[in-house]
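Read through the structure below, which is laid out as structure tokens, and then see the notes.
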Amino acid sequence: MNRRQILRRAAGFGAACVAAPLWAQSANRIVLGQSAALSGPAAALGIQFRQGALLQFDKVNAKGGIGGRLIDLQSLDDGYEPDRCAENTRKLIEGGAFALFGYIGTPTSLAALPLATQAKTPFFAPFTGAEALRAPLNRYAFHVRASYFDETAEIVRQTTAVGIKRISVFYQNDAYGKAGLDGVVRALKPLGLEPAGLGTVERNTVDVDAAVKAIMAGKPDAIVQISAYKSCAAFIRAARKAGFGGTFYNVSFVGTKALADELGADARGVVVSQVMPFPFTPNSPLAGEYLAAGKAAQGDKFEPNYSSMEGYVAARTFAEGLRRAGGNLNTEGLIAGLESLRDLNLGGFFVDFAPQKHTGSKYVDLTILSADGRVRR
């Protein structure tokens, strides 16, 4: 399935979701609602995450679903805009979605979570590492990925370990970018350091000239980027043109494959932190399972990537929570089922929830992009 086909499918699915009521508590299906970027500059993230989730949910459904019920993922496009996300969330909750699943991004998730909490609707596996969604503990919110604090701490640890101290931050001017900036500042502070320079970009834009000028004035040796793939790619090209010869570091939300595709040969040497296992080779049981599912669904057209791996992991974890909820499926049962997932081994990747612990993983790895778009560990 190519990108255009996926967009058509997603758009049609979303339209169907708005036109018809959702009956999550029916005898034969469990409806999950998702608001995600399926169009616009961040579209690849939503499309890839959803595609990975469907690989797992389709496997579950092919075996009869959960307790005889099929999992039905209904997705609406928000274009990575908080207002649209909030409106989608209201529609999904009012339509009867049993849980909200796989929201894409910090500003959108922050707009949705209060609505989910008020409605006592589980909010599972948002594609964001923002601390504001994790602390204080929200009984209805569950996270399968490490936080941006975890990612930026690892980036700072590795850069300073090799003597790099002049670290600047290019960040999106919203809750996501500020969450990443806070992580960098937090990691630098115990070392007696602070960012060498700061530059911002507005969400869903690529106007980076002012940010390049501000950051280059600080003469950094490394630049941490907290934005989406199009603006990060624009900044990388502009900064290199302005003479920057150091290393660019990105957190996982950038979308590794999307960034590599956007940069082409300019991707060489760009570092991306990852919160999911390496998805390109079957070097773990989970990766082997994911690759086999992708090939079975799409054949040689399947293109593995970290974003769809995250969707796959989220779907697999959620399905296990549903199984443990038992036959009388309701919100309380689901929460209890998820909180019982102590050190759940998905095949070399562990998810660990508990009643007072709704962040399932702190796994972080750093990868490097090559000029041909490949990812090296």
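The values are calculated or read from the model by the stated rules, or taken from the named source; none is laboratory data. What you see is a predicted model, and the numbers here were worked out from it, not measured in a lab. Because the Cβ atoms are built from the backbone with ideal geometry, glycine has one as well, and the counts that use them run over all protein chains shown. Note: areas computed on protein heavy atoms with side chains; ligands, DNA, RNA excluded. Shrake-Rupley method; radii C 1.70, N 1.55, O 1.52, S 1.80 Å.
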inquiry  = Just the residues that are crowded, with 24+ Cβ neighbours inside 10 Å and touching a Phe, Trp or Tyr at 6+ places or on another chain (Cβ under 9 Å), please, taken from segment 80-98.
reply    = 85, 89
message = Here is a check on your reading of the model: is residue 101 aromatic (Phe, Trp, Tyr), in contact (Cβ under 8 Å) with a residue 12 or more places away in the chain and touching a strand residue (DSSP E or B) at 6+ places or on another chain (Cβ under 8 Å)?
response = yes
task = Return only the number of the condition from (1) in contact (Cβ under 8 Å) with a residue 60 or more places away in the chain; (2) more than 21 Å from residue 302 (Cβ to Cβ); (3) open to solvent by 10 Å² or more (accessible area, probe 1.4 Å); (4) over 17 Å from the mean Cα position of the chain (by Cα) that residue 261 does not satisfy.
result = (2)
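Could you run through segment 141-175 and say how many residues are assigned to a loop (DSSP other than H, G, I, E, B) and within 20 Å of the chain's Cα centre (by Cα)?
6
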inquiry  = For segment 216-223, check the following and say yes or no: at least one residue is touching a Lys or Arg at 6+ places or on another chain (Cβ under 9 Å) and within 22 Å of residue 363 (Cβ to Cβ).
reply    = no
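From 287, 319, which residue is open to solvent by less than 30 Å² (accessible area, probe 1.4 Å), assigned to a helix (DSSP H, G or I), in contact (Cβ under 8 Å) with a residue 40 or more places away in the chain and over 13 Å from residue 144 (Cβ atoms)?
287
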key: segment 264-277, subset β-branched (Val, Ile, Thr) and within 20 Å of residue 167 (Cβ to Cβ), residue nearest to the chain's Cα centre (by Cα)   = 272
request  = With the checklist (1) in contact (Cβ under 8 Å) with a residue 12 or more places away in the chain; (2) open to solvent by 10 Å² or more (accessible area, probe 1.4 Å) in hand, flag the one item residue 161 doesn't pass.
outcome  = (1)
inquiry  = If I ask for residues that are in a helix (DSSP H, G or I) and buried (at least 18 other Cβ atoms within 10 Å of the Cβ), which ones from segment 264-284 would you list?
reply    = 267
Segment 123-142 - residue that is surrounded by fewer than 24 Cβ atoms within 10 Å (Cβ to Cβ) and in contact (Cβ under 8 Å) with a residue 60 or more places away in the chain and, of those, farthest from residue 315 (Cα to Cα) = 137
ask   = If you check every pair at least six apart or on different chains, which have Cβ atoms under 9 Å apart with a residue in segment 333-357 that is in contact (Cβ under 8 Å) with a residue 60 or more places away in the chain first and a residue that is part of a strand (DSSP E or B) and open to solvent by less than 10 Å² (accessible area, probe 1.4 Å) second?
value = 334/99; 334/124; 335/142; 338/124; 338/142; 353/142
query = Counting just the residues of segment 190-232 that are basic (Lys, Arg) and over 27 Å from the mean Cα position of the chain (by Cα), which one comes out surrounded by the most Cβ atoms within 10 Å (Cβ to Cβ)?
reply = 213
query = Do the conditions hold for residue 251, that is, is it in contact with a strand residue (DSSP E or B) (Cβ under 7 Å, 6 or more places away or on another chain) and either surrounded by fewer than 21 Cβ atoms within 10 Å (Cβ to Cβ) or basic (Lys, Arg) (or both)?
reply = no
note = Screening 317, 331 for residues that are of a type in the set (Val, Ile, Thr) and either out of contact with any strand residue (DSSP E or B) (no Cβ under 9 Å at 6 or more places or on another chain) or more than 30 Å from residue 297 (Cβ to Cβ) (or both) leaves only 331
Matching entry among 295, 357, 301, 362 (being within 18 Å of the chain's Cα centre (by Cα), surrounded by fewer than 17 Cβ atoms within 10 Å (Cβ to Cβ) and among the basic types (Lys, Arg)) = 362
task = Could you list, in sequence order, all residues of segment 80-131 that are within 17 Å of residue 44 (Cα to Cα) and among the acidic types (Asp, Glu)?
result = 81
key: Long-range neighbours under 8 Å by Cβ, at least six apart or interchain, first residue farther than 12 Å from residue 123 by Cα within segment 84-97, second surrounded by fewer than 18 Cβ atoms within 10 Å (Cβ to Cβ) and aromatic (Phe, Trp, Tyr)   = 96/23
